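Comments concern the structure below.
The values are calculated or read from the model by the stated rules, or taken from the named source; none is laboratory data. Just so it is clear, the model here is predicted, and its values are computed rather than measured. Every residue, glycine among them, receives a Cβ derived from its backbone with ideal geometry; neighbour counts consider all protein chains shown. Ligands, DNA and RNA are stripped out before the accessible areas are found, and what is left, the full protein with its side chains, is counted by its heavy atoms. Shrake-Rupley method; radii C 1.70, N 1.55, O 1.52, S 1.80 Å.
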Amino acid sequence: MLIHNAPIITWGPANRILKGQGILVSDGRIAAIGPEAEMLAKHAGVDRLDAGGQLLMPGNICAHTHFYGAFARGMAIPGRAPRDFPEILRKLWWPLDKSLGPEDVRASAEVCLVDAIRHGTTTLIDHHASPNAIDGSLDVIAEAVERSGLRAVLCYEVTDRDGPERAKAGIRENVRFLERCRKGVAQGRIQGLFGLHASLTLSDASLDACRQAAPSGTGFHIHVAEHEADEYDSLAKSGLRVVDRLHKHGILGPNTITAHGVHTDAREAEILRATGTWVSHQPRSNMNNGVGAAPIESLHRAGVRVALGNDGFSNAMWEEWKTAYLLHKVWHRDPRRMPGDLLAEIGAVNNAALAGQSFGEPIGVIETGAVADLILVDYHPTTPLTAGNLPWHIIFGFHESMVTTTIVAGQVLMRDRVLQTLDEDEITSRAQVLAPEAWKRYATFVPADD
């Protein structure tokens with residue numbers, strides 16, 4: 001396929017906007033970039049995609065999400081509203097994940113995958129939980145991802161909160177799926193991490209069991225210091241703060257993602273930097289849960305690798321950009337905080353590096369040899385658009401409704417806003433049938449108010 005008639009945003013550490021250039025896609029990769037007229041003449045027999053002047057850019061990447069949370073939308077929490085994040089876990093997320101059977105897991109993933117395609121998010125790093133449907137749950141999600149054509153990194157969260165047998169089942173599910181990934185899944189579009197819930201729901205014995213079970217070189221995916229309770233629990237258990245405790249148990253490292261990091265301190269930041277561990281920032285979720293604003297600028301300044309996720313919010317990653325841009329300004333009462341160029345480094349360059357590391361190939365950049373994960377954006381600026389001011393165009397001008405075409409590994413998943421690989425009506429109808437039944441089961445698991 002030859003894509004032409006599109007200004008090209010390359011991203012990458014040295015972002016450029018190329019004009020008058022065409023892109024040849026072959027075998028799922030960007031095979032060549034060159035002057036449009038020359039490319040059209042040289043590849044006359046190749047299928048053409050005329051972008052009509054829309055922007056062509058790499059697909060967006062989400063560093064931390066939860067497909068399983070899709071059925072929470074619009075669901076009422078019985079009794080009084082949760083007063084803090086630990087109570088949100090007890091009254092919303094833990095009863096909900098217990099309510100999911102295999103078909104609910106599948107439907108939840110499908111709903112999120114449709115959302116991702118529509119919003120131009122082509123790679124997602126998911127963190128799954130379904131305590132009453134553990135065995136094979138990652139296969140169910142993988143099958144949905146494979147059918148969608150998207151790219152994903154999957155794991156199952158191990159936790160002690162549902163008893164030792166389910167903790168062991170979670171470990172087995174991670175190990176089994178990682179072995180399947182090693183043999184190849186969906187032409188390499190699916191990879192795995194070893195999932196852990198959080199320090200506050202894991203004993204020393206469970207952390208050690210996970211470390212011992214994880215294949216050599218495997219990274220972990222775990223929530224870290226999302227609320228102060230995680231730090232207080234860790235101090236009570238071990239005398240160590242969360243990051244120190246995880247480091248002691250061998251959980252950290254360059255392939256590990258720690259989600260949130262809202263309440264980490266300076267020493268924890270130094271450990272994260274020294275181990276090369278990733279921190280994913282989810283500003284919409286942090287605001288919604290009232291947990292505070294992660295010290296992202298400080299972590300970045302300390303040399304910690306920071307990426308951007310959505311924690312199960314809509315897979316509209318530019319909304320995370322906009323929220324982060326505003327959150328840190330109001331949190332610090334300083335309009336100079338979280339500038340757009342730093343957001344671009346985190347949300348585009350770092351997310352691409354994380355995805356590229358996960359799949360072992362260039363992702364999130366338009367260059368020869370990179371995977372052809374691309375989107376067309378129907379944005380026609382009324383002011384000058386340059387590589388330097390692009391972040392502020394995204395923050396103040398872009399909207400996910402402007403994504404018209406989504407491509408992964410050279411396959412068109414949405415063309416002119418029409419989905420090609422998933423039947424949105426069928427998926428919506430199935431979710432509408434399953435969600436009310438899941439809500440009924442949820443109501444039986446919600447604890448009574450204190």
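Mind listing whichever residues of the stretch 218-260 are among the small types (G, A, S), more than 22 Å from G192 (Cα to Cα) and assigned to a loop (DSSP other than H, G, I, E, B)? Can you show your working first?
Just the residues of the stretch 218-260 that are among the small types (G, A, S), to begin with: 219, 225, 229, 234, 236, 238-239, 250, 253, 259.
In the following step, the residues that additionally are more than 22 Å from G192 (Cα to Cα) were identified as 225, 229, 234, 236, 238-239.
Scanning the stretch 218-260 gives A225, G239.
Quick one: in the stretch 375-425, of everything that is assigned to a strand (DSSP E or B) and touching a Gly at 6+ places or on another chain (Cβ under 6 Å), which residue is most open to solvent (accessible area, probe 1.4 Å)? So that I can check it myself, show each step before the final result.
To start, the set of residues in the stretch 375-425 that are assigned to a strand (DSSP E or B) comprises 375-377, 403-408, 411-415, 418-419.
Remaining after also requiring touching a Gly at 6+ places or on another chain (Cβ under 6 Å): 375, 403, 406, 408, 411, 413.
Numbers: I375: 1, V403: 3, T406: 0, V408: 2, Q411: 86, L413: 0 Å².
Here the residue is Q411.
Scan the stretch 25-47 for residues that are surrounded by 14 or more Cβ atoms within 10 Å (Cβ to Cβ), in a strand (DSSP E or B) and either out of contact with any Asp or Glu (no Cβ under 7 Å at 6 or more places or on another chain) or at pLDDT below 95 (or both) and report the count.
Qualifying residue count, the stretch 25-47: 7.
Can you find a residue that is within 14 Å of the chain's Cα centre (by Cα), closer than 16 Å to H223 by Cβ and not in a helix (DSSP H, G or I) anywhere in the stretch 286-296? Before the answer, list the steps.
Of all residues in the stretch 286-296, those within 14 Å of the chain's Cα centre (by Cα) come to none.
No, that holds for no residue.
Assess whether S314 counts as being assigned to a helix (DSSP H, G or I) and open to solvent by 30 Å² or more (accessible area, probe 1.4 Å).
no
Is it the case that some residue within the stretch 210-218 is out of contact with any helix residue (DSSP H, G or I) (no Cβ under 7 Å at 6 or more places or on another chain) and touching a residue at least 40 places away in the same chain (Cβ under 8 Å)?
In the first step, residues of the stretch 210-218 are kept if they are out of contact with any helix residue (DSSP H, G or I) (no Cβ under 7 Å at 6 or more places or on another chain); the result is 211-212, 214, 216-217.
Subset that is touching a residue at least 40 places away in the same chain (Cβ under 8 Å): 211, 214.
Yes, the conditions are met somewhere in the stretch 210-218.
Out of the stretch 160-195, which residues are aliphatic (A, V, I, L, M) and assigned to a helix (DSSP H, G or I)? Before you say what the answer is, go through the steps one by one.
Taking the stretch 160-195 as the starting set, the residues that turn out to be aliphatic (A, V, I, L, M) are 167, 169, 171, 175, 178, 185-186, 190, 193.
Scanning the stretch 160-195 gives A167, A169, I171, V175, L178, A186.
Hey, among S285, S298, which residue is out of contact with any helix residue (DSSP H, G or I) (no Cβ under 8 Å at 6 or more places or on another chain) and more than 24 Å from M57 (Cα to Cα)?
Values: S298 fails: out of contact with any helix residue (DSSP H, G or I) (no Cβ under 8 Å at 6 or more places or on another chain).
S285 is the lone residue from the list that is out of contact with any helix residue (DSSP H, G or I) (no Cβ under 8 Å at 6 or more places or on another chain) and more than 24 Å from M57 (Cα to Cα).
Restricting attention to the stretch 145-159, does a residue exist that is of a type in the set (G, A, S), under 22 Å from the mean Cα position of the chain (by Cα) and assigned to a strand (DSSP E or B)?
Within the stretch 145-159, the subset of a type in the set (G, A, S) is 148-149, 152.
This time we only want the ones that are under 22 Å from the mean Cα position of the chain (by Cα), so: 148-149, 152.
Restricting the remaining residues to those that are assigned to a strand (DSSP E or B) gives 152.
The answer is yes; a qualifying residue exists.
This table checks each residue for (1) in contact with a strand residue (DSSP E or B) (Cβ under 6 Å, 6 or more places away or on another chain); (2) at pLDDT 95 or above; (3) open to solvent by 10 Å² or more (accessible area, probe 1.4 Å).
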residue: P58; (1), (2), (3): no, yes, no
residue: C62; (1), (2), (3): yes, yes, no
residue: A70; (1), (2), (3): no, yes, yes
residue: P82; (1), (2), (3): no, yes, yes
residue: P86; (1), (2), (3): no, yes, yes
residue: D97; (1), (2), (3): no, yes, no
residue: D115; (1), (2), (3): no, yes, yes
residue: T122; (1), (2), (3): yes, yes, no
residue: N132; (1), (2), (3): no, yes, yes
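Filter the stretch 349-372 down to residues that are open to solvent by less than 10 Å² (accessible area, probe 1.4 Å), in contact with a Pro (Cβ under 9 Å, 6 or more places away or on another chain) and outside any loop (DSSP other than H, G, I, E, B), then give me how many there are.
1
Which one of these is under 26 Å from E320 (Cβ atoms) and basic (K, R): R118, R80? Steps first, answer last, please.
Working: R80 fails: under 26 Å from E320 (Cβ atoms).
None of the other options fit; the residue is R118.
Across the stretch 155-193, which residue is most open to solvent (accessible area, probe 1.4 Å) among those that are closer than 16 Å to P131 by Cα and in contact with a His (Cβ under 8 Å, 6 or more places away or on another chain)?
The first filter runs over the stretch 155-193 and keeps only residues closer than 16 Å to P131 by Cα, leaving 155-174.
Retained after the next criterion (residues that are in contact with a His (Cβ under 8 Å, 6 or more places away or on another chain)): 155-159, 161.
Numbers: C155: 1, Y156: 8, E157: 6, V158: 1, T159: 12, R161: 57 Å².
Result: R161.
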